[in-house]
Amino acid sequence: MGLVGFKCSKASRKHDRERFVSFKECIACAETTINECHFTAPIIKAMVQREKEEREGITVTQLSGCLRESYLSYKYDYYADLEQLYFAFRGELAHLIIERYQEEDSIAEQRFYREYNGIRISGKPDIILPAKKLIRDYKTAKEVPRFSYPFRNHTQQVNLYAWLVPYEIDRLQVIYLDMKGVKICDAPIWSKREIEEVLEKKLPVLDKAFKDNIVPPADFENWQCNGWCNVKSICRELYEKELIERLSVS
Ligand code: SF4
């Protein structure tokens, strides 16, 4: 279950955009080197590899986005836009370079685990500098934020990392990279209570979803709904059914 292939990205034939191809077909097409889209086989292979990374427990990333998306993209087969995944892949490229030049005492891309109310959570902060009590997370963006603080979901993500890791942390930074420059945004440190509020609100919903297949409610105000959701069509289809069910019992 999860991502099983791509929506064909041939630029010249619009109707092909709705053609679904398996990873194998997509890579084989790019390997001919006469594919019409602009993705090369190594780029596609790297994107597939990135998506197949094994994760155990509920992840901080899953908690930081739309819970319904986290559940549906785990439980259902879906096909993603290559362009959309490329954005995440570009972020990964930046991480690889940054990781290579990190300070010697830094901890880069290590997965940590912790339980809350018997539910296992995992997460992989980009960089931890234990001596400086600092966590840094890098984000590629179309445009770095105009303001000096991170987006709300990124603030939540780094605070959950601070809660997760076995180090004392008193500074959190989200570092945005766009095509023109870099911007370091300091995130406020949340109190233990604020973090627990997030965990208590979100964790049982996602845990129940994974264990008992109870689909989390739709949240169409979520930033992911705005062009960043790979399971939008599955979500809408379920939503229509949910509405019909609700109407039939009322
Ligand atoms: S369409 Fe919106 S509400 Fe539905 S799963 Fe995607 S992000 Fe969540």
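The values are calculated or read from the model by the stated rules, or taken from the named source; none is laboratory data. Worth saying up front: this structure is predicted, and the values here are computed from it rather than measured. Glycine gets a Cβ as well: all are built from the backbone with ideal geometry, and neighbour counts include every protein chain shown.
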Residues located in the stretch 76-86, provided they are modelled with pLDDT under 90 and within 14 Å of the ligand (Cβ to nearest atom): Tyr78, Ala80, Asp81, Gln84
Filter result for Val231 (among the β-branched types (Val, Ile, Thr), in contact with a Lys or Arg (Cβ under 9 Å, 6 or more places away or on another chain) and near the ligand (Cβ under 8 Å from one of its atoms)): yes
Restricting the stretch 44-64 to residues that are out of contact with any Leu (no Cβ under 9 Å at 6 or more places or on another chain) and at pLDDT 90 or above, the residue that is farthest from the ligand (Cβ to nearest atom): Thr59
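Out of Leu203, Leu160, Leu177, report the one residue that is away from the ligand (no atom under 16 Å from the Cβ), of a type in the set (A, V, I, L, M, F, W, C) and under 19 Å from Leu72 (Cβ atoms). Break it down into steps so the answer makes sense when it comes.
Numbers: Leu160 fails: under 19 Å from Leu72 (Cβ atoms); Leu177 fails: under 19 Å from Leu72 (Cβ atoms).
Step by step, each of Leu203, Leu160, Leu177 is checked, and only Leu203 is away from the ligand (no atom under 16 Å from the Cβ), of a type in the set (A, V, I, L, M, F, W, C) and under 19 Å from Leu72 (Cβ atoms).
Take the conditions surrounded by 12 or more Cβ atoms within 10 Å (Cβ to Cβ), farther than 28 Å from Tyr78 by Cα, without any contact (Cβ under 8 Å) to a residue 12 or more places away in the chain and among the hydrophobic types (A, V, I, L, M, F, W, C) and apply them to Ile169. Does it pass?
On the way: surrounded by 12 or more Cβ atoms within 10 Å (Cβ to Cβ): yes; farther than 28 Å from Tyr78 by Cα: yes; without any contact (Cβ under 8 Å) to a residue 12 or more places away in the chain: no; among the hydrophobic types (A, V, I, L, M, F, W, C): yes.
Criteria not met by Ile169.
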Conditions (1) under 15 Å from Arg68 (Cβ atoms); (2) of a type in the set (A, V, I, L, M, F, W, C); (3) at pLDDT 95 or above; (4) not in a helix (DSSP H, G or I): number failed by Cys185: (1)
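Within the stretch 33-50, which residues are in contact with a Phe, Trp or Tyr (Cβ under 9 Å, 6 or more places away or on another chain) and assigned to a helix (DSSP H, G or I)?
Ile43, Ile44, Lys45, Ala46, Met47, Val48, Arg50
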Lone unmet requirement of (1) more than 29 Å from Thr140 (Cβ to Cβ); (2) within 12 Å of the ligand (Cβ to nearest atom); (3) touching a helix residue (DSSP H, G or I) at 6+ places or on another chain (Cβ under 7 Å) for Ile214: (2)
